[in-house]
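Everything below concerns the one structure shown next.
Computed from the coordinates by the stated procedures, all read-outs in this text should not be read as laboratory data. Since the structure is predicted, the reported quantities are computational estimates derived from the model, not experimental observations. Here the Cβ positions follow ideal geometry from the backbone for every residue, glycine too, while neighbour counts run over all protein chains shown.
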Ligand code: PMP
Ligand code: GLU
């Protein structure tokens with residue numbers, strides 16, 4: 001098969017690949033506890049399901065305008081005003097088939113081959129690949145674990161060049177769970193303004209935060225920052241709607257128009273009944289607090305368990321539902337006579353020998369780390385921890 005050359009410019013989604021592989025093993029009768037899935041285990045709240053069913057029954061099953069109908073645009077604008085106190089117009093909003101789709105549209109609409117795009121590392125797997133797919137160059141800025149996975153601002157300053165087109169921010173962060181400090185966000189925004197760089201702020205985990213951690217959105221920092229920022233959010237994580245494929249972006253009208261033009265030649269509008277269900281979702285977040293509290297309990301159990309394992313260190317994540325422990329102390333050790341080489345090898349050994357399935361850190365730019373999603377029941381987490389301990393006891 002003679003595929004297009006661009007297919008070699010980027011990698012398969014590692015999170016999707018590992019989660020799929022574990023699901024397949026379990027379908028074959030294996031017993032692997034998956035810590036790989038980046039989606040809440042909670043179901044979509046009933047009131048959202050009912051709104052979707054009603055829309056379907058009411059015959060709201062036709063195409064809508066490409067960037068979403070009036071109702072969803074209005075709901076997103078009102079929601080953003082309520083949560084962030086920031087106003088947008090209808091030509092500054094686009095609803096897409098997931099936040100990933102919005103991000104894809106942004107990278108296609110914004111990046112040329114000669115552009116550099118700053119990505120904070122560890123990073124979500126799709127950022128560099130979407131940048132590469134646009135033909136542009138990802139440039140990584142380190143977020144050291146010792147700094148709570150907040151970026152090294154000096155490193156950021158050093159990496160900005162005349163070719164820098166944008167900086168991608170993801171706070172709370174996948175895979176680290178870090179919430180960037182307000183000071184960090186202010187400094188990044190200042191750099192963006194001074195160096196005439198766009199900001200892409202992926203805030204998809206903004207509602208899943210612990211102990212009062214408040215992620216600061218750059219769009220709240222005044223017009224100078226807002227007019228060079230595109231804010232991305234979605235329904236997958238907050239509303240447990242991963243399979244419904246609804247996300248959105250808010251930003252400068254010319255960028256939104258370009259994204260709409262692209263969407264009009266690819267997917268057209270997001271699924272119509274899901275637009276109506278999403279309008280209902282944005283009106284009521286009362287179901288969320290007990291879920292976040294449940295995530296917090298699981299996080300506490302996981303982080304304590306990791307830090308009690310010899311050779312493992314885990315920063316306490318302030319948001320999202322991922323823990324990102326450093327397993328450096330296990331690399332080079334042996335299990336059943338086999339020396340552990342790296343995070344991919346360790347992941348495969350954990351899947352095969354312990355029945356525990358994380359995602360290798362190298363997929364997120366952090367070799368020797370592993371990502372564990374804690375979007376699974378406490379019983380499964382406890383069983384997974386037991387299995388990890390049993391694996392650790394066999395290391396030599
Ligand atoms: N951004 C981040 C950081 C994510 O973890 C995800 C999860 N898939 C997305 C964007 C995309 O989410 P979705 O396309 O399901 O809205
Ligand atoms: N964002 C989730 C994750 O990181 C879902 C998979 C994906 O979209 O990459 O696991």
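Numbers for the structure displayed
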{"item": "Cα-derived Rg over Rh, computed across the chain with Rh taken as Kirkwood radius", "result": "0.96"}
{"item": "Whole-number percent relative contact order across the range 192-307, with pairs defined as alpha carbons under 8 Å at least 6 apart", "result": "22 percent"}
{"item": "Inter-centroid distance (Cα atoms) of the range 201-272 relative to the range 155-190, Å", "result": "17 Å"}
{"item": "DSSP beta bridge pairing in the chain, given as percent antiparallel to the nearest 5", "result": "45 percent"}
{"item": "Degrees, to the nearest 10: 272-282 long Cα axis against longest axis of the chain", "result": "80 degrees"}
{"item": "Ascending count of other beta-carbon atoms within 10 Å, so fewest first, for 370, 255, 288", "result": "288, 255, 370"}
{"item": "Added length on full extension, which subtracts the Cα-Cα distance from 0.36 nm per residue, residue 304 to residue 70", "result": "79.5 nm"}
{"item": "Least to most buried among 16, 246, 378 (fewest other Cβ within 10 Å first)", "result": "378, 16, 246"}
{"item": "Rounded FRET efficiency, nearest 0.05, which uses the C-beta distance separating residue 394 from residue 158 and R0 of 35 Å", "result": "0.20"}
{"item": "Degrees, to the nearest 10: 46-57 long Cα axis against longest axis of the chain", "result": "50 degrees"}
{"item": "Value of Rg to Rh for the range 89-221 (Rh from inverse mean 1/r over Cα pairs, i.e. Kirkwood)", "result": "0.94"}
{"item": "Relative contact order of the chain, pairs being alpha-carbon contacts under 8 Å that are 6 or more residues apart, as %", "result": "23 percent"}
{"item": "Relative contact order (%) - criterion: Cα under 8 Å, at least six apart; region: the range 134-239", "result": "24 percent"}
{"item": "Computed E for residue 43/residue 182 - FRET, C-beta separation, R0 35 angstrom, nearest 0.05", "result": "0.55"}
{"item": "Tilt relative to the chain, helix 14-27 - C-alpha long axis, 0 to 90 degrees, to 10", "result": "60 degrees"}
{"item": "Inter-site label distance for residue 91 and residue 328 at 7 Å from Cα along Cβ, in nm", "result": "5.2 nm"}
{"item": "Mean projected area in nm² (Cα convex hull; one quarter of hull surface) for the range 148-268", "result": "8.7 nm²"}
{"item": "Label-point separation, residue 5 to residue 289 (7 Å along Cα→Cβ), nm", "result": "5.8 nm"}
{"item": "Linear extension gain, residue 214 paired with residue 253, 0.36 nm per residue minus alpha-carbon span", "result": "11.3 nm"}
{"item": "Shape of the range 76-167, Cα gyration tensor, a/c cut at 1.5", "result": "oblate"}
{"item": "Gap separating the Cα centres of the range 355-396 and the range 16-51, nearest whole Å", "result": "16 Å"}
{"item": "In Å, descending, principal axis extents of the Cα set of the range 1-148", "result": "49, 46, 43"}
{"item": "DSSP beta bridge pairing in the range 157-282, given as percent antiparallel to the nearest 5", "result": "30 percent"}
{"item": "Estimated Rh, the range 197-294: Kirkwood, alpha-carbon pairs, angstrom", "result": "15.2 Å"}
